[in-house]
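I have placed the structure first, in the form of structure tokens, so that the comments after it can refer back to it.
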Amino acid sequence: MSSPFPLLRLPRLVLCEVFKSLSIGEKIKLSLCSKRISTQINNDRLYSQKVIVNLHDEKIKVHFENDRDTFEIFISPETKKTRGSVFNLQDQKMKVCCLTSYPVALDWLRIFASRLVDSAWFTLEYLLECASTKILLWQSHLENKNLDEVLRKWRAGELPNLKYLNVKSNSITNNGTTILGMKLSELAGKVIQTDDGTKKAIIKLDYYNIQISVAPFNCAFPPFPQIIFI
């Protein structure tokens with residue numbers, strides 16, 4: 001019977017090379033198994049390439065674009081009720097809690113897109129703290145007044161990383177509640193800009209759906225993406 005390999009007894013430079021050779025999934029597994037390893041990977045600043053994080057009803061899926069180097073964390077029925085504490089995105093970092101006896105801060109994991117298929121739990125507070133450049137929220141409970149606050153804060157420069165936002169919510173309605181002082185129907189195709197004049201955003205409306213695409217003020221808008229949830 002083989003004995004466990006004393007990974008953490010390796011010289012630091014050798015250990016760093018081992019960590020560099022690991023996939024995203026392997027590094028996440030090690031981080032979940034050992035707080036010391038998680039800290040070591042963070043301290044060595046072994047940042048990943050930018051990844052996409054998908055939160056489905058039953059799992060968290062981390063992957064590069066085109067699904068390259070995919071890793072999945074399955075969520076038990078017990079932890080589904082506390083997804084707000086399981087899944088935390090701030091400063092383009094991911095923190096996984098409740099899956100271990102300690103919170104695991106995956107600071108080395110650089111996140112540029114967050115896709116939440118069932119985002120009813122993802123409140124305005126979470127959205128304002130999320131530093132991903134692309135944020136997609138389906139089955140959301142966000143309302144007109146929440147989007148009004150998001151756009152006002154974006155206009156004031158408080159969401160500097162945001163390049164694309166897609167919110168699908170049955171609470172986005174033409175009920176008279178205004179967004180930026182306008183009725184919902186008046187926002188279709190509307191171009192707004194930040195207070196400092198450095199960025200602009202165009203708004204696209206669909207049935208219970210709003211998309212916002214951001215570009216530098218002197219640049220053309222990128223096309224709205226074709227969204228595929230996997």
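Just a few scattered comments:
- Segment 131-223 - charge dipole about Cα centre, Lys and Arg +1 at Cβ, Asp and Glu -1, debye rounded to 20: 180
- Residue order, fewest to most beta carbons within 10 Å, for Cys219, Cys130, Cys16, Cys33: Cys219, Cys33, Cys16, Cys130
- Computed over segment 131-223, the Cα gyration tensor eigenvalues convert (square root of 5λ each) into semi-axes of 20, 14, 12 Å, ordered from largest to smallest.
- Of the cross-linked pairs Lys20/Lys134; Lys134/Lys204; Lys168/Lys199; Lys27/Lys134, those separated by over 22 Å at the C-alpha level are Lys20/Lys134; Lys168/Lys199; Lys27/Lys134.
Since every read-out is calculated from the coordinates, none of them should be taken as a lab result. If you're wondering where the values come from, they're calculated on a predicted model, not measured in any experiment. A quick note on method: Cβ atoms are made from the backbone with ideal geometry, for glycine too, and the neighbour counts reach across all protein chains shown.
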